[in-house]
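Below you'll find the structure, written out as structure tokens, and then a few comments.
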Amino acid sequence: MEPSTDASPRSLPVGRAARLEAVPLTQAGDNAVLVRETAPEARSRALLTTDKLASGERLVVMPLDDEVEIRVDGDALAVWLGAGSLAQLPPEQRPMSEENVPLWASLIGGVLLFIVVAFAVIGSAVTFTWLSGILG
């Protein structure tokens, strides 16, 4: 496969340090993405392509060395999203910092938390008393 010659970007940096790059490939009308190290040895790490199915196509990830980790249960997406920076979010979508929380909101939250804990303790005491009366 040869790197693509269309108007798409030559490569796309991958990761925080941009040590890896994604390069589009084209061979006989079939497109793929090669993930490789940028420099100095430009070692290929993985190839993303598709398998043809009757209902469409299925994505295939082929690791090209032993250092490639493949996750199939959504962990990779969660880790990637969780590692993102809040600086890129608009101000109205950022969580409130502790210094901006009004005192009345903290007091109401504390009272509600105390009520929930009290009901949990009372409910546990009633349940264990009832169970000890039945079993004892």
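Bear in mind these aren't lab numbers, they're just calculated from the coordinates by the rules spelled out. Bear in mind the structure is a predicted one, so any value in this text is a computation, not a measurement. Neighbour counts are summed over all protein chains in view; Cβ atoms, including those assigned to glycine, are modelled from backbone coordinates with ideal geometry.
Could you run the Karplus curve 6.51 cos²θ - 1.76 cosθ + 1.60 with θ = phi - 60° over the range 33-47 and give me ³J(HN,Hα) per residue in whole Hz, x for Gly and Pro?
Per-residue couplings from phi come out as 10, 9, 9, 9, 6, 6, 7, x, 8, 6, 6, 6, 10, 7, 10 Hz.
For the ranges 21-27, 52-58, what's the packing order if you count other beta-carbon atoms within 10 Å of each residue, average per peptide, and put the highest first?
Numbers: 21-27: 16.0, 52-58: 7.9.
So the order, starting with the most tightly packed, is 21-27, 52-58.
Please give the peptides 28-37, 110-119, 127-136 ranked by average Cβ packing (other Cβ atoms within 10 Å per residue), highest first, as a rough proxy for protection. Present the calculation step by step, with values, prior to reporting the outcome.
Numbers: 28-37: 14.3, 110-119: 10.0, 127-136: 8.5.
Ranking the peptides 28-37, 110-119, 127-136 by packing returns 28-37, 110-119, 127-136.
Residue-wise, which Karplus ³J(HN,Hα) couplings in Hz belong to the range 115-123, taking 6.51 cos²θ - 1.76 cosθ + 1.60, θ = phi - 60°, and x for glycine or proline?
Values, residue by residue: 5, 5, 5, 4, 4, 5, 5, 5, x Hz.
Would you kindly state how much longer the chain becomes between Ala39 and Ser124 on full extension, computed as 0.36 nm times their sequence separation minus their alpha carbon distance, in nm to one decimal?
24.3 nm
Skipping prolines and chain starts, which residues have an amide H placed within reach, meaning under 5 Å, of the one on Leu64, given they are 5 or more residues away or on another chain?
Sorted by chain and number, the residues that satisfy this are Ala46, Leu47.
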